[in-house]
Amino acid sequence: MAASGTELAVATPPEARFAFGKNWAEFLAHVGERQVAAATESLRQKLGDLTGKTFLDIGSGSGLHSLAALRLGASRVHSFDYDSDSVATTAEMRRRFAPQAAWTIERGSALDIGYLRSLGTFDVVYSWGVLHHTGDMWTALGNAIIPLAPNGTLFISIYNDQSYISRRWKRLKAFHNKSGRAGKLLAEIATLLITWGKTIPVDIVTGKPFRKLEIWKQYARERGMSPWHDVVDWAGGYPFEVAKPEEIFHFYKNLGLTLEGLKTCGGGKGCNEFLFRRMAVR
């Protein structure tokens with residue numbers, strides 16, 4: 001381990017954070033080759049072939065995307081997460097699916113400059129849906145390029161800024177975080193109804209009352225993720241920060257990176273995905 005719990009840089013006290021790792025630990029019980037294959041294909045579409053490349057996973061969560069990087073040919077993978085349960089889940093993912101791989105797993109913080117500098121450089125720095133949960137998103141975004149090699153690729157996803165809608169979600173997440181089990185369940189059910197149930201009346205009117213159920217069944221196959229765990233993750237995901245796509249673009253442009261790919265969520269709820277490159281200095 002590179003750092004112990006009290007030594008890690010963190011902007012938000014642990015008691016004010018959602019326990020992402022516990023959610024991922026429960027999700028791990030549902031992971032099999034089908035989920036791994038789906039995650040690998042998803043990562044391939046984002047990054048292409050990773051043969052011979054080194055890969056850093058900032059905020060590894062379940063470790064599924066780190067495993068996917070190995071499946072795509074990464075020569076070495078380094079995963080770290082602030083949440084100790086996420087670290088344990090990633091380690092279990094390694095034990096189950098890639099015990100002999102060149103895969104290092106540690107506890108670390110995206111806000112810890114010293115830790116990031118100690119890692120060396122990587123061809124690919126990857127962070128999906130993580131840096132907006134640090135409590136200091138813009139610092140974390142800047143820190144993410146510390147281990148990025150010249151001509152390296154940075155892939156990040158950040159929650160889309162929906163103005164007042166985002167502020168409402170932030171209040172719900174804060175409520176979930178400070179509530180007991182009953183309050184958390186209430187927030188999770190509200191999230192389920194908002195994110196999955198709002199089109200059901202239209203489906204019924206159009207003669208497709210079970211459309212959402214079919215989508216739910218296909219969800220794991222298409223994304224390699226459990227839909228219910230995504231609901232819980234969304235309801236409880238606090239700290240919570242957002243950004244407009246142009247804000248992320250200008251932020252990294254000012255740091256010398258070039259935008260090579262962008263996938264937005266169409267102005268809705270969810271993450272915008274960015275692919276940047278750090279050009280080598282000649």
query = Quick check: anything in the stretch 94-115 under 22 Å from TRP234 (Cα atoms), assigned by TED's automatic domain parsing to the domain that holds ILE156, of a type outside the set (Lys, Arg) and modelled with pLDDT under 95?
reply = no
request  = Test GLY236 against the stated conditions and say whether it is at pLDDT 80 or above and surrounded by fewer than 16 Cβ atoms within 10 Å (Cβ to Cβ).
outcome  = no
ask   = If you go through the stretch 147-177, how many residues are on the phi < 0 side of the Ramachandran plot, surrounded by fewer than 16 Cβ atoms within 10 Å (Cβ to Cβ) and free of Cβ contacts under 8 Å to residues at least 60 places away in the same chain?
value = 4
request  = Given the conditions (1) out of contact with any Leu (no Cβ under 7 Å at 6 or more places or on another chain); (2) farther than 26 Å from ILE145 by Cα; (3) modelled with pLDDT of 85 or more, report the number of the one that ARG211 does not fulfil.
outcome  = (3)
message = Just the residues that are touching a Ser or Thr at 6+ places or on another chain (Cβ under 8 Å) and of a type in the set (A, V, I, L, M), please, taken from the stretch 87-118.
response = VAL87, MET93, ALA102, ILE105, ALA110, LEU111
key: Conditions (1) within 16 Å of the chain's Cα centre (by Cα); (2) in a loop (DSSP other than H, G, I, E, B): number failed by PHE55   = (2)
query = Going through the stretch 166-193 one residue at a time, which ones are within 21 Å of the chain's Cα centre (by Cα) and among the β-branched types (Val, Ile, Thr)?
reply = THR191
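Within the stretch 256-282, restricting attention to residues that are loosely packed, with under 14 Cβ neighbours inside 10 Å and of a type outside the set (Gly, Ala, Ser), which residue is nearest to the chain's Cα centre (by Cα)? Let's see the steps before the verdict.
Narrowing the stretch 256-282 to residues loosely packed, with under 14 Cβ neighbours inside 10 Å: 256, 258, 260-262, 266-268, 279-282.
Subset that is of a type outside the set (Gly, Ala, Ser): 258, 260, 262, 279, 281-282.
Working: THR258: 22, GLU260: 20, LEU262: 16, MET279: 25, VAL281: 30, ARG282: 33 Å.
Top of the filtered list is LEU262.
The values are calculated or read from the model by the stated rules, or taken from the named source; none is laboratory data. Because the structure is a prediction, the values reported are computed rather than measured. Positions of Cβ are backbone-derived with ideal geometry, glycine not excepted, and every protein chain shown enters the neighbour counts.
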